[in-house]
Amino acid sequence: MRPARNTSISKKKLNERATYCGLMANDRQQQDLLFKPLVIAGLVIVTFSLACLWIANMTLPQEESEGFRIIGYRFMVGGIISIVIGFVSRHYYFLYNFGRFYWNQLPFRKGGKNTSRFSDWYKP
């Protein structure tokens, strides 16, 4: 019979893992710091814009409703932009790495993928 293996994690590795998890938690909190207020503000603004558009279309005469309609559309665009900024702030690292990966796939470099970008610096 073989003796049982010691599967416990050393204190050093446990501290490293806790530190890594703590950093990830702080990073996630930073991402959520802007996400929630921007999305809530965007939803409130879009709701207000829908109310303005409803007032312009249902209750007021055609001549007087033009101002409410303009205000409603402007607030609608502002609310949607706020929501988009909230989602971009939450998923920034994913979008950045996704964009960087596809940017590196574009064929802008001279000589193909295997050449160094510094290879032609010393050519006369």
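If R0 is 41 Å, what FRET efficiency do you get for residue 100 and residue 43 from their C-beta distance, rounded to 0.05? My answer for the efficiency is 0.85.
Every Cα-Cα pair of region 40-105 was included, and the share exceeding 13 Å stands at 67 percent.
What's the extension gain from residue 71 to residue 93 if we count 0.36 nm per residue and subtract their Cα-Cα distance? If you can, show how the numbers build up before the last one.
On the way: separation 22, 0.36 × 22 = 7.92 nm, distance 3.47 nm.
Additional length available on full extension: 4.5 nm.
Here the spin labels are modelled as points 7 Å beyond Cα on the Cα-Cβ line, and at residue 80 and residue 63 they lie 3.2 nm apart.
Taken together, the values in this text are just the output of simple stated rules run on the coordinates, not laboratory data. Owing to the predicted nature of the structure, the values given are computational and were not obtained by experimental measurement. Glycine also receives a Cβ, built like all others from the backbone with ideal geometry; neighbour counts cover every protein chain displayed.
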